[in-house]
Amino acid sequence: MNSGAQSPVKEPILSVRNIKVYFPIQTAGLFSGTIPLKAVDGVDFDLLAGETLGVVGESGCGKSTLGRGILQLLELSDGNVVWMGNNIGGLSFREMKKYRKQLQIIFQDPLASLNPRMTIGDIIAEPLTVHYPELSAEERTQQVKDMMDRVGLLPLMINRYPHEFSGGQCQRIGVARAMILKPKLIVCDEPVSALDVSIQAQIINLIKGLQEDFGLSLIFISHDLSIVRHISHRIMVLYLGNAVEVADRKRLYNNPCHPYTQALISAVPIPDPDLEKAKQRIVLQGDLPSPLNPPSGCVFRTRCPLARDLCAREKPRLQQIDPDHQVACHFWQEAQDQRII
Amino acid sequence: MLLDVQNLTTRFHTHDGEVCAVNNINFSVEAGECLGVVGESGSGKTQAFLSIMGLLAKNGSADGQVYFDGRQILGLSGNELNNLRGVEFSMIFQDPMTSLNPFMRISRQMTEVLSEHQGLSEKDAVKRSLDLLDLVGIPEAKKRFSMYPHEFSGGMRQRVMIAMALLCEPKLLIADEPTTALDVTVQAQILELIARLGSELNMATVLITHDLGVIAGLSDRVMVMYGGRIVEKAPVRDLFKQPQHPYSKGLLESMPRVDDSNNKSLYTIPGQPPDLQALPLGCAFIPRCEHAFAPCENQVPDLVKISSDRFKACHLEELP
C-alpha cells in the first residue's frame, strides 16, 4: 500500500460483507422451538483508513448489534469481516486477542462502562496490562498520564474512582481507555447520547481531534442525525437490520433518495423557530414492525408513503445510483423527485 | 395569568447537607400559551415543576407562592391537591413505562381517573376514554383498550399517557422531556400531537426539555435555567436570534445542526454543569463564562427586565 506516492484506488482498512447477526428466540406453546430475531440481516460496507462511517437508525434497527458484530463481541450468524486483509469473522476469543489492540470501542453509558471498584488509572491502564505485560509499572503510569492529559483529564486525578467524576469526564475516561493502545479503528456506540448538550460538543471535538492526530478510522453509531452529519464522511442508514441508504455526507443530507432517510431527516427539529415552524415534515405513520416478524419484501413498506404491490413481493437490493451513493428502494427516483425537504 | 409562580425555592435535605435545587424563581404561564423550559441536568427545571405539582421527594420542601387561576396551591395537602391534579393541571414524564401501572389494564387506569374526579358512570367513562385515545391517534383504540402497558410500544405508551393527562380537560399540561426516550420519527408524531391539542383544546403547555430544536418548534416563550435559577426569559424568536445570556448563546452555538453542512470544530462551553452543593459565591455560570468580570465573582446577578418582554440575569450590559 505504501509503494506509490499516490495510490489510485484506496484499499479499505475494513471490509464487511453480508454480515448477519441472528438471536434465537424461544417460542411458547406445545410445539415450542426457536425462531431467529434478525437483528442485522446482511450488511455490506468498506471503511478507509482515517474515515468516519456514521451509522444511523432508530432503536431496534440493529446499529449497536452491527458494531459489536464487527468487533466479534457478538457471534456472527453469517458473513465476513475482513480487517486489513485478514478475515476475523468467527474467530475465537483467544484468536481475536491480537486484533484487539487495533480495534476498540467506546460505549454509550459512561459510568456503567467503568468498573466502580477500580481507580481510573487502573481502568485506563488495563488494556496495557493485558496486551503489553512486559511494560514496567512506571512506563504504564507514564503512558496513562500522557493519555489522560491528551483527553483533558488532570493526570493528578489518576487515583480517583469513577463515581467522583461527572458524566462528561467519565466519557473522557472511556475515550482514554480505548485510545491507550493506539488502535486503528474505534467503534463509538452512541458516545454522547447520555451527556448534557454543552458536554456533547466537548466530547465530539475530542474524538475528532484524536482522529486527526492518530489517523483513526471511526464507526460512529448514533440516533442523532445532526451529530452524525457533523462528524461523518459517509453515512449508512439502517432500518430493521438492513442498510437502506449509504452515501457520502453531502449527498445523504442534500439529496436523500430513500423515503425513510427523507422522513428521518425531516423529523429532526432545527433550533430555529422560523425554519422549524414553517417546515414541512414527513410524519411517518405507525411504529417499527417487530423484527421477529418483519414485513415481506421491503422492510420499510409498512410505513412507506410510496409502497405498492412490488414492495411486498420483492426485497429491493442496495443499488449504486451514483459513485458514493447506494439506495435500497424500488422507487427511489420517484422519492427523489417528490422530496419535500 | 393561569399560573403565577413567585419566589419559588426548593430545597432537599441530604446526608451531605442541604441542597438548593431551585433558587427563588419567578415566572408565569398565560392561558393557551406554550412555555419552553431549557436547562441541563441539575438546572432545577424538573424540580421546579414537581414542586408546583406537589410531587417532591420526601426530603424536599418548597417555599414561595404558586397561584393557579388565582388560587395559592403551594403547600396544599395531598387530598386538596388530588382534586386539582389531573383536573386543572396534569403532568407527563419522560418515561411512560414508569408512569403507568404495569399490573392494570389501560381501560381501568383511564376510567378510574374519570370516576374518581368527575363521578362519571362506567359507560360514560369508557366512552370518554375511547374518545381521547382516538384523539391522540391510537389506531383501533377499542381493541387496544383492554391491553396492559407492556403491550404498547414506547410511542403508543406516551400517547396513552397524554390521553390520561387530558381526560379531565386540564387548563395546563406540564410535559417533562416528553419525547426524550422516543425515536426521532415518533418524536415528530408526539410533538405534532401536543401542538395540535394545545390549540384545539386551548390548553396551556409547559415543555421542559434539553433539546433546543423541540423548543423552537413548539414554544411561544422560553426560559433558560442554570444552577437552580432562571438566567434568561424571552419570546422564542428573540432567544434564538439574539440570546442575551452567555449560557443561552453557548448552548445554541454548541449544537450541531442537521441543516448545517459545516464540519469545523464545534463551539464548546468549557467545564462541567454546576455542582449544586458547591455553587460559586457569585454567578453560577462564572467558571464556564468567557465574559466574566469582577462583579460576577461575588454578586449573584438578578433577573432584570431588558425590554418589554425580555429578562436576563447577567452583569454584562450587553453580550458582545
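When the residues of region B:75-103 are filtered to those that are at pLDDT 90 or above and touching a Pro at 6+ places or on another chain (Cβ under 8 Å), the one that is surrounded by the fewest Cβ atoms within 10 Å (Cβ to Cβ) is B:PRO102.
The conditions of being more than 30 Å from A:GLN26 (Cβ to Cβ), within 14 Å of chain B (Cβ to nearest Cβ) and β-branched (Val, Ile, Thr) are not met by A:VAL246. Report, by residue number, each residue of region A:211-223 that is surrounded by fewer than 19 Cβ atoms within 10 Å (Cβ to Cβ) and within 13 Å of chain B (Cβ to nearest Cβ). Residues satisfying the conditions are A:GLN211, A:GLU212, A:HIS223. Considering region B:53-96 alone, what residues qualify as being without any contact (Cβ under 8 Å) to a residue 40 or more places away in the chain and farther than 22 Å from B:PHE27 by Cβ? Hits for region B:53-96 are B:LYS58, B:SER77, B:GLY78, B:ASN79, B:GLU80, B:ASN82, B:ASN83.
The helices (runs of 4 or more DSSP H) located wholly in region A:49-140 that include 1 or more residues which are surrounded by 16 or more Cβ atoms within 10 Å (Cβ to Cβ) and touching a Lys or Arg at 6+ places or on another chain (Cβ under 7 Å) occupy A:120-131. Within region A:157-174, no residue satisfies the criterion of being in contact with a Leu (Cβ under 6 Å, 6 or more places away or on another chain) and assigned to a loop (DSSP other than H, G, I, E, B). For region B:210-259, the set of residues classified as among the small types (Gly, Ala, Ser), touching a Leu at 6+ places or on another chain (Cβ under 9 Å) and at the interface with chain A (Cβ under 7 Å from one of its Cβ atoms) consists of B:ALA216, B:GLY217, B:SER254, listed by residue number.
Might you check whether a residue that is outside any loop (DSSP other than H, G, I, E, B), of a type in the set (Val, Ile, Thr) and closer than 30 Å to B:GLN47 by Cβ occurs anywhere in region B:120-137? No; the residues of region B:120-137 include none that is outside any loop (DSSP other than H, G, I, E, B), of a type in the set (Val, Ile, Thr) and closer than 30 Å to B:GLN47 by Cβ.
Taken over region B:287-320, residues that are surrounded by fewer than 19 Cβ atoms within 10 Å (Cβ to Cβ) and assigned to a helix (DSSP H, G or I) amount to 5.
Of the residues that make up region A:175-191, is at least one of a type in the set (D, E, K, R), within 14 Å of chain B (Cβ to nearest Cβ) and in a helix (DSSP H, G or I)? No, every residue in region A:175-191 fails to be of a type in the set (D, E, K, R), within 14 Å of chain B (Cβ to nearest Cβ) and in a helix (DSSP H, G or I).
Looking only at region A:301-338, how many residues end up being part of a loop (DSSP other than H, G, I, E, B), under 14 Å from A:TYR239 (Cα atoms) and touching a residue at least 12 places away in the same chain (Cβ under 8 Å)?
6
Within region A:277-305, if we keep just the residues that are within 10 Å of another protein chain (Cβ to nearest Cβ) and surrounded by 21 or more Cβ atoms within 10 Å (Cβ to Cβ), the residue that is modelled with the highest pLDDT turns out to be A:LEU284. Evaluation of B:PRO280 against the conditions (1) surrounded by fewer than 20 Cβ atoms within 10 Å (Cβ to Cβ); (2) within 13 Å of chain A (Cβ to nearest Cβ); (3) more than 21 Å from B:MET53 (Cβ to Cβ); (4) not polar (S, T, N, Q) shows that the sole unmet condition is (2). From the list B:THR185, B:THR209, B:THR180, the lone residue that is more than 25 Å from B:GLY86 (Cβ to Cβ) and polar (S, T, N, Q) is B:THR185.
Taking the criterion of being out of contact with any strand residue (DSSP E or B) (no Cβ under 8 Å at 6 or more places or on another chain) and farther than 17 Å from A:PRO323 by Cα, the residues of region A:241-262 that qualify are A:PRO259, A:GLN262.
Within region A:309-328, the set of residues being under 16 Å from A:ALA243 (Cα atoms) and of a type in the set (Lys, Arg) comprises A:LYS315, A:ARG317. As a summary of the residue check, A:ASP146 satisfies the conditions (1) part of a helix (DSSP H, G or I); (2) in contact with a helix residue (DSSP H, G or I) (Cβ under 7 Å, 6 or more places away or on another chain); (3) more than 30 Å from A:VAL16 (Cα to Cα) except for the one numbered (2).
The values are calculated or read from the model by the stated rules, or taken from the named source; none is laboratory data. None of the values given here were measured: they were computed from a predicted structure. Here Cβ is always computed from backbone atoms with ideal geometry, including for glycine, and neighbour counts include all displayed protein chains.
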